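S.K.: Just dropping this structure here.
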Amino acid sequence: MATNIKVKELLGKPIVSDSGRKFGIVGDVEFITESGELMNVRIVEAGAKGGKDTIPFSAVKSVGDFVVISEKDLE
């Protein structure tokens, strides 16, 4: 995945897993201010995630019309 992603490119995008499961919409991101490293994606309108409201950015596999995540990276 590209390493240069702008936060505004993520906000409002649907989050789906690599198996097609819907997780919600990107509401915000958490990052380290000193380095700019993205840490977590915060979910609004959470769907099938079971109450969790963040996804580690390491689980994000691609960003396009959707933010695609790997479910096995959530475990």
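S.K.: If you check every pair at least six apart or on different chains, which have Cβ atoms under 6 Å apart with a residue in segment 5-33 that is outside any loop (DSSP other than H, G, I, E, B) first and a residue that is modelled with pLDDT of 90 or more and of a type in the set (Gly, Ala, Ser) second?
M.R.: Close Cβ pairs (under 6 Å, with a partner that is modelled with pLDDT of 90 or more and of a type in the set (Gly, Ala, Ser)) amount to Ile15/Gly24.
So that you can scan it fast, the table gives a plain yes or no per residue for (1) at pLDDT below 90; (2) surrounded by 11 or more Cβ atoms within 10 Å (Cβ to Cβ); (3) at negative phi:
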site: Ser35; (1), (2), (3): yes, no, yes
site: Leu38; (1), (2), (3): yes, yes, yes
site: Arg42; (1), (2), (3): no, yes, yes
site: Glu45; (1), (2), (3): yes, yes, no
site: Val60; (1), (2), (3): no, yes, yes
site: Val68; (1), (2), (3): no, yes, yes
site: Leu74; (1), (2), (3): yes, yes, yes
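S.K.: Could you list, in sequence order, all residues of segment 1-33 that are loosely packed, with under 15 Cβ neighbours inside 10 Å, among the charged types (D, E, K, R) and within 12 Å of Ile69 (Cβ to Cβ)?
M.R.: Hits for segment 1-33 are Asp18, Arg21.
S.K.: When both residues are 6+ apart or on different chains and their Cβ atoms are under 9 Å apart, which pairs have a first residue that lies in segment 39-53 and is within 18 Å of Asp18 (Cα to Cα) and among the small types (Gly, Ala, Ser), and a second that is at pLDDT 55 or above and surrounded by fewer than 16 Cβ atoms within 10 Å (Cβ to Cβ)?
M.R.: Hits for this filter: Ala46/Lys52; Ala46/Asp53; Gly47/Arg21; Gly47/Lys22; Ala48/Arg21; Ala48/Lys22.
The values are calculated or read from the model by the stated rules, or taken from the named source; none is laboratory data. Worth saying up front: this structure is predicted, and the values here are computed from it rather than measured. Counting neighbours? That spans all protein chains shown, and the Cβs are built from the backbone with ideal geometry, glycine included.
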